[in-house]
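Report on the structure given below.
Bear in mind that the values in this text are calculations on the coordinates, not laboratory data. Since the structure is predicted, the reported quantities are computational estimates derived from the model, not experimental observations. Positions of Cβ are generated from backbone atoms using ideal geometry, with glycine treated the same way; all protein chains shown enter the neighbour counts.
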Amino acid sequence: MRGGVPGMMRFLRPSPALRFASCGLRPLLAAMLVGTGLRLMHIESRELEYDEGATAYFAALRWSELWGAHARLETNPPFFYSLAWCLHQCGATAEQLRYLSALASVAAIPAAWSVANTLAGRFAANSAAWLVATSAQSVILAQYARAYALLTLCLLLAWRCLLGAWQARALVPNAAWLAGYITAGTAAVYTHYCSMPALLSLNLAMLFYFPEADGPRSRFVLRATAANLAIAACYAPWLPVLIYQIKHSSGHAVTFGAHSDLWRNVQCIIFDKYEFQGRGWFDPSLLPLMLCCAWRSRLPGCSAQCLSLVALGLLALALASEFHPLLNGKTLSYAYAFMLICTGVGCSTLGRFRAAALALLIGMQLYAALNSEARNVEGWRKAAALLRTKAQPGDLLYVSSAASILLLRHYAYPESMLHVVTFVSPVEEPWFHDTPLLTFVPLTSMAKQIAGGSRVWLLTRHRPTLPIVPAAVMPRTVVEQIHARTSSLELSLFVTGHLR
């Protein structure tokens, strides 16, 4: 018996392979822990934004409406809304819908680790995981009740499965990788329309390099083609909705032509085309390491070539976003995650300086992520409070967007005292047009109301008040405004004459 206990201890002692795996995964687990903490910090206390109000509206619809008539009017597929619907049925508030994005964003950390590990080894994987975990943009979108974090996760998983099918290791059957790619790709196309050119860019990048040791090129091409056809078949039921939306497009897209300054557009894409909460979708400070990743092709399997081709494909997609209304900066958030992977691989090529470079990048990312606590808010809480303190019974409230009322209601504006009128284009927010929520009128009716002596409030979002107010409104007095460089709202009270 005396020898039985040591024997049992030897039996229970972890194997060398398990000890190695546990030690090797510690940086990933630490990155996930830090990333989770950053994403959950004040997640419910942040003020809701306009698009989050729309998410809450769709989550409260019936399931038949979510996938039926209303789906044709919303410019995003309903997969994320369906998940939000499930949370809403469990009693989740509008702020708690953000946990969907937070969960997807945390899951993207090991997904990025796995992609980088497949391409360039363990150091590149740990670098990618930490960069994604501490990315300020990833943290911001993780606390945003929209589909962008879920889109990033789906495309990262699709990339990883495509790489797994490319390598065709015996440990995981090729059919399993292809099934995973079909699942992730189908989830992506039902999450956002920009996933289609993203999947195309991934497939094209894979076609540029096929080492013969990993299997015949033609066999992989056939299998990948079959997988993409399966995704197309899964998406076929949604094609009538997509065709309807294309036919009834708002026409805001900019087209190529004589007035298109292509070089200026490229500069704007890279540096300052689109800012979300003060953060651009692309961080130029990552560019040197991305170029290093592309230039130094000493990595096993020349994975730098694949990474550089993916980056070029995403740059082409970013260029397309200049000319398509559905592809803006936020929809390119997944491209930022891809570029963080490229940056992590770039760190692994720096030899003795790689640890210092990674530490510097992580420090910069953490600083930006923590400072995002003070990022701008749109001002819905302040607008509702101002209406509560200054509105009078019988006042008229004109809003430039129908979903504004959803946010004002959330922050308890004096709805019983105000008659709400919306002035919008017939193609804007069409899902509200068949509901008794609001009255839709042309803006010129506001001038008539003011001329007749009515007190009229005007709440605009991303639109300056004075240029859109008809000249017939004069003379007027603006009592108070919410309009600052840090806010997207402007609230004004118009009356005839001057207040005393």
Notebook entry, point to check: Extension gain residue 222-residue 388, at 0.36 nm per residue separation less the Cα-Cα distance, in nm?
Noted result: 53.4 nm
Next item on the list: Please report, to one decimal in angstroms, the Kirkwood hydrodynamic radius of region 35-137 built from all distinct Cα-Cα pairs.
Entry: 15.4
Margin query: What does the net charge come to around residue 116 if you take all other residues with beta carbon closer than 11 Å to its beta carbon, with K and R at +1 and D and E at -1?
Written below: +2
Check: Tell me, what HN-Hα J-couplings in whole Hz come from the Karplus equation 6.51 cos²θ - 1.76 cosθ + 1.60 at θ = phi - 60° for each residue of region 336-345, using x for Gly and Pro?
Finding: 5, 5, 4, 6, 5, 5, 4, 5, x, 5
Next item on the list: Work out from phi, with θ = phi - 60° and the Karplus expression 6.51 cos²θ - 1.76 cosθ + 1.60, the ³J(HN,Hα) of each residue of region 85-98, listed in order in whole Hz, and give x for Gly and Pro.
Entry: 4, 4, 5, 4, 5, 8, x, 5, 7, 4, 5, 6, 5, 5
Next item on the list: For residue 397, enumerate residues with amide H under 5 Å from its amide H, sequence gap 5+ or separate chain, H modeled in the peptide plane.
Entry: 419, 420, 421, 457
Checklist line | Highest-first arrangement of 142-153, 66-77, where packing means the average Cβ count within 10 Å | finding: 142-153, 66-77
Check: Can you give the convex hull volume of the alpha carbon atoms of region 99-188 per residue, in Å³?
Finding: 78
Next item on the list: Can you put 138, 333 in order of Cβ neighbours within 10 angstrom, beginning with the fewest?
Entry: 333, 138
Margin query: Please list 3J(HN,Hα) in residue order for region 119-135, calculated via the Karplus relation 6.51 cos²θ - 1.76 cosθ + 1.60 where θ = phi - 60°; whole Hz, with x for glycine and proline.
Written below: 7, 9, x, 5, 5, 4, 5, 5, 4, 4, 4, 5, 5, 5, 5, 9, 5
Checklist line | For 98, 352, order by how many other beta-carbon atoms lie within 10 Å, fewest first | finding: 352, 98
Note to self: For residue 479, what residues show an amide H to amide H distance below 5 Å, using hydrogens built from the backbone and excluding near sequence neighbours?
What the structure shows: 493
Next item on the list: Could you work out how far the C-alpha centroid of region 38-104 sits from that of region 345-362, in angstrom?
Entry: 38
